[in-house]
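Chemist: Structure in structure tokens, see below.
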Amino acid sequence: MAQIHLEVVTPSGPVISDEVDIVTAPGVGGEFGVLANHAPFLSTIKTGTLSFKKDKQTKYLMVSGGFSEVSSNKITFLVESAEYGTDIDVDRAMRAKERAEKRLAQAQQAAEQINRARAEAALQRALARIKAAELSKQ
Amino acid sequence: MPGLKDVKTKIEGVSKTSQITKAMNMVASAKLRGAQEKMEAFRPYAEKFAEAMRDLSGGMEGSNLPLMEVREVKAVEIVVVTSDRGLCGSFNTNITTTAEKLMQKYEAEGKKVTFVTVGKKAAQAFRRSGKLRSQYNDIMGTFQMFNAREISQDITQQFVSGESDQVDLVYGKFHSVAVQKPEVEELLPIKPVEGGEEAAEKKETVTGAYIYEPEPEEIMEVLLPLYLNVQVYHAMIEVGASEHAARMTAMDNATNACKDMIDELTQLYNKARQAAITGELMDIVGGAEALKG
């Protein structure tokens with residue numbers, strides 16, 4: 001099967017650079033899949049889980065905000081953070097989720113926009129981490 | 001001639017100082033390695049980002065993205081990035097004087113200037129100026145992206161709400177272990193990145209075929225704040241590496257100065273000792289002469 005080159009780059013260094021069969025990513029307009037020889041494509045990425053398949057094995061990653069570019073059979077993700085589902089500390093993510101939910105509830109009362117946006121982003125990240133970890137376990 | 005004991009105590013004191021400066025030099029060089037690794041790791045991200053910005057921003061000149069809005073400049077905000085700690089030679093002073101000169105220039109043009117400082121040394125330098133709007137201390141050691149995000153959100157808010165019409169960034173750029181220079185960059189409004197002929201050509205051939213999701217303008221809306229983060233983060237890690245490099249040099253100089261001082265003091269000590277012995281001998285000889293009578 002034809003393969004596509006996947007690259008995930010974060011500010012703290014490249015996470016993956018590998019030939020894979022298919023990539024599924026959380027685009028802003030919804031999840032999208034990319035196979036080999038996809039047409040040139042540019043999309044923003046929201047916090048969520050990215051998955052790719054190689055040698056009949058599917059791997060999951062948590063990614064947060066950035067964008068992706070597909071050109072000449074290569075897909076590049078530029079994201080602020082990326083973690084393998086297997087590396088995620090679920091307990092910590094759970095705690096972060098609870099914390100974010102609490103803060104969100106408080107911020108709603110005070111109607112503080114910035115804090116709310118921050119808490120929401122933190123909640124999204126925690127949820128994405130938990131999901132990526134759960135998917136990796138299966 | 002100073003007393004023997006005084007000189008000896010001084011030698012001991014200086015040699016203890018030199019032990020400390022030597023240790024600090026080694027710590028700084030170890031930390032520099034870490035900071036340089038961070039810089040290396042960040043480079044591919046920054047390069048790819050700049051590339052994407054080049055490809056996208058070309059056709060955006062006429063658009064009304066808030067971060068690219070060019071207004072008449074009445075108020076300038078200067079973001080000054082220095083280290084948290086001193087003992088690194090003139091590194092921080094160079095940055096703050098550059099920022100000060102910039103401030104004087106803008107004020108001479110009749111513009112209002114405010115400061116945002118990152119790192120304790122910058123806060124210390126501008127605390128009394130009355131122009132310090134916000135400060136971020138004790139975040140230089142960790143270099144987390146979310147710190148950079150916090151800062152860029154802060155300055156974005158000021159810019160979008162019209163409190164500032166231009167944002168400049170002053171930081172210490174890491175050229176090499178021996179050379180770090182203050183650098184001034186314009187942060188906001190974000191200018192379309194000039195890619196030269198090559199990029200324009202590439203754009204002609206490639207961009208037409210690109211599928212955008214969502215529309216390019218909307219992508220830019222997401223990308224521009226991220227780009228700002230990248231620039232602030234970049235300044236932070238540059239300053240981090242520069243700080244350790246500057247400290248290494250400063251501590252090396254200090255250790256050498258200590259060595260010179262010890263040499264000088266040892267000479268002085270020997271001279272004093274010789275003088276004491278000579279004095280004693282003279283006494284003995286004088287005594288013997290007197291006995292001979």
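Chemist: With no solvent and one equal point scatterer per Cα, compute the Debye intensity ratio I(q)/I(0) for segment A:4-86 at 0.15, 0.20, 0.25 Å⁻¹ and report its log10, rounded to two decimals.
Modeler: -0.44, -0.82, -1.35
Chemist: Right, next: What does the structure give for B:44-56 when I average, per residue, the other chain Cβ atoms found within 10 Å of the residue Cβ?
Modeler: 4
Chemist: Another question, then. Check segment B:53-145 and count each lysine pair with an alpha-carbon distance under 18 angstrom, considering only pairs eight or more places apart or from different chains.
Modeler: The number of close lysine pairs in segment B:53-145 is 14.
Chemist: If you don't mind, there's one more thing I want to ask. Taking the C-alpha atoms of segment B:219-261, how large are the radius of gyration and the largest Cα-Cα span, Dmax, in Å?
Modeler: Reported Rg and Dmax, both Å: 18.6, 62.
Chemist: On a 0 to 90° scale, report how tilted helix A:90-110 is relative to the longest principal axis of chain A, with both axes built from alpha carbons and the result rounded to the nearest 10.
Modeler: 50
Chemist: Given the -39500 (n - 2.57) contribution per DSSP H run of 4+ residues, what per-residue ellipticity at 222 nm results for chain A, rounded to the nearest 500 deg cm²/dmol?
Modeler: -11500 deg cm²/dmol
Chemist: Give me the angle, in degrees from 0 to 90, between the Cα long axis of helix A:113-137 and the longest principal axis of the Cα atoms of chain A, rounded to the nearest 10.
Modeler: With rounding to tens, the tilt is 50 degrees.
Chemist: Based on the Kirkwood radius over alpha-carbon pairs, what value in µm²/s does the Stokes-Einstein equation return for the translational diffusion coefficient of chain B at 37 °C and 0.692 mPa s?
Modeler: Roughly 144 µm²/s, to the nearest whole number.
Chemist: With unit charges on the beta carbon (Lys/Arg positive, Asp/Glu negative), name the residue among B:Gly287, A:Ile88, B:Leu169 whose Cα is farthest towards the positive pole of the charge dipole of the protein assembly as shown.
Modeler: B:Gly287
Chemist: Additional query: Among B:Ala23, B:Gly13, B:Ile78, which residue has its Cα positioned farthest towards the positive end of the charge dipole of segment B:1-94, with +1 placed on the Cβ of Lys and Arg, -1 on the Cβ of Asp and Glu, and the dipole taken about the Cα centre?
Modeler: B:Gly13
Chemist: Could you list which residues have their amide H under 5 Å from that of B:Ser164, counting only those 5 or more apart in sequence or on another chain, with H placed in the peptide plane?
Modeler: When sequence neighbours closer than 5 places are left aside, the close amide H contacts are B:Phe159.
Chemist: List the trypsin sites (Lys or Arg not before Pro) in segment B:1-89 that DSSP assigns to loop (not H, G, I, E or B) and whose Cβ has at most 15 other Cβ atoms within 10 Å. Which are they?
Modeler: B:Arg71, B:Lys74, B:Arg85
Chemist: Sum up the lysine pairs in chain A that clear both bars: alpha-carbon distance under 27 Å and a spacing of 8 or more or different chains.
Modeler: Lysine pairs, 8 or more places apart or on different chains, close enough: 25.
Chemist: Also, I was wondering about something else. Using the eigenvalues of the Cα gyration tensor, what equivalent ellipsoid semi-axes result for the protein assembly as shown when each is taken as the square root of five times the eigenvalue, whole Å, largest first?
Modeler: 57, 27, 21
Chemist: If you don't mind, another one. Would segment B:1-153 count as rounded, prolate or oblate if I go by the C-alpha gyration tensor, calling it rounded below 1.5 in a/c and otherwise prolate when a/b exceeds b/c, oblate otherwise?
Modeler: oblate
Chemist: While we're looking at this one, here's another question. Tell me, what is the percent relative contact order of chain B, built from C-alpha pairs under 8 Å that lie six or more residues apart?
Modeler: 31
Chemist: What 222 nm value per residue comes from the helices of chain B, counting each DSSP H run with n ≥ 4 as -39,500 (n - 2.57) and dividing by all residues, nearest 500 deg cm²/dmol?
Modeler: The helix-only estimate for chain B comes to -22500 deg cm²/dmol at 222 nm.
Values quoted throughout were computed directly from the atomic coordinates according to the rules given, and no laboratory measurement underlies them. Not measured: the values here are computed from a predicted model. Cβ: placed from backbone, ideal geometry, glycine included. Neighbour counts: every protein chain shown.
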